[in-house]
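Everything on this sheet refers to the single structure shown next.
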Amino acid sequence: VPLVAEPAQEPAFSPDGSRLAFIRKAPSSSEINLLALSGDLMPQGEPKRLGLDRHRAVQLAWTPDGREIVYSARDAEASALWRVAVSGSASPQRLAVVPEGALFPAISRLGHRLAYTSVSFERHIWRIDLRSRMPGAASAPFASSTRSEGYPQYSPDGRRIAFESN
């Protein structure tokens, strides 16, 4: 017997076992849902949605006191860890102490420790002289910074390059 009518992903029990948090995903966003459970783990009522604005939640972790959920999500800028009150009384807040690129949080039940995966990659624009007939001709960096650059396009006269940078 399914607990929910729509597809649910990333289930996580609250520390006291009285609630189940899970994610329902849509093409451009996702929602964290909370389902109250009876002592024998049967659903009690309908799931309650926690608003996530424009975030795409990936994985959930309950705080030891059961008052908040920490989740990894990607917004317009990058992936990060966020926290949201299960009461629904406040908007999600980014965890400022965790660097950009953080995913997959895990919270210890004792000791108040947070573990996460840090993902980073660099995307820069390189160039190569196509007149070179040498196999393995050297590429050279053209545009690089502490962010990602991509999608280069030469101007019609070949003197300028337009590109995207975040």
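The values are calculated or read from the model by the stated rules, or taken from the named source; none is laboratory data. Everything numeric in this text was worked out from a predicted model, so none of it was measured. Quick reminder, even Gly has a Cβ in these numbers, built from the backbone with ideal geometry, and neighbours come from all protein chains shown.
For the subset of the stretch 83-124 comprising residues that are among the hydrophobic types (A, V, I, L, M, F, W, C) and more than 18 Å from the chain's Cα centre (by Cα), which member is surrounded by the fewest Cβ atoms within 10 Å (Cβ to Cβ)?
The initial filter retains those residues of the stretch 83-124 that are among the hydrophobic types (A, V, I, L, M, F, W, C), namely 84-86, 90, 95-98, 102-104, 106-107, 110, 114-115, 119, 121.
Still in the list and also more than 18 Å from the chain's Cα centre (by Cα): 86, 90, 110.
Values: Val86: 18, Ala90: 11, Leu110: 6.
If we take residues in the stretch 83-124 being among the hydrophobic types (A, V, I, L, M, F, W, C) and more than 18 Å from the chain's Cα centre (by Cα), then Leu110 is surrounded by the fewest Cβ atoms within 10 Å (Cβ to Cβ).
Going by the conditions given, is Glu149 acidic (Asp, Glu), touching a Phe, Trp or Tyr at 6+ places or on another chain (Cβ under 7 Å) and at pLDDT 75 or above?
Details: acidic (Asp, Glu): yes; touching a Phe, Trp or Tyr at 6+ places or on another chain (Cβ under 7 Å): yes; at pLDDT 75 or above: yes.
Against the criterion (acidic (Asp, Glu), touching a Phe, Trp or Tyr at 6+ places or on another chain (Cβ under 7 Å) and at pLDDT 75 or above), Glu149 qualifies.
Which one of the conditions (1) assigned to a loop (DSSP other than H, G, I, E, B); (2) at pLDDT 75 or above; (3) at positive phi does Asp53 fail to meet, given that it meets all the rest?
Of (1) assigned to a loop (DSSP other than H, G, I, E, B); (2) at pLDDT 75 or above; (3) at positive phi, only one is false for Asp53: (2).
Quick one: would you say Gly88 is small (Gly, Ala, Ser) and modelled with pLDDT of 90 or more? Spell out how you get there, then give the answer.
On the way: small (Gly, Ala, Ser): yes; modelled with pLDDT of 90 or more: no.
No.
Go through the stretch 79-114 and count every residue that is assigned to a loop (DSSP other than H, G, I, E, B), over 11 Å from Thr63 (Cα atoms), among the small types (Gly, Ala, Ser) and in contact (Cβ under 8 Å) with a residue 24 or more places away in the chain. Working first, answer last.
Quick first cut of the stretch 79-114, residues assigned to a loop (DSSP other than H, G, I, E, B) only: 86-92, 95-101, 108-113.
Adding the requirement that they be over 11 Å from Thr63 (Cα atoms) leaves 87-92, 95-101, 111.
Applying the additional criterion that residues be among the small types (Gly, Ala, Ser) yields 87-91, 96, 101, 111.
Of the ones still in play, those that are also in contact (Cβ under 8 Å) with a residue 24 or more places away in the chain are 88, 91.
Qualifying residue count, the stretch 79-114: 2.
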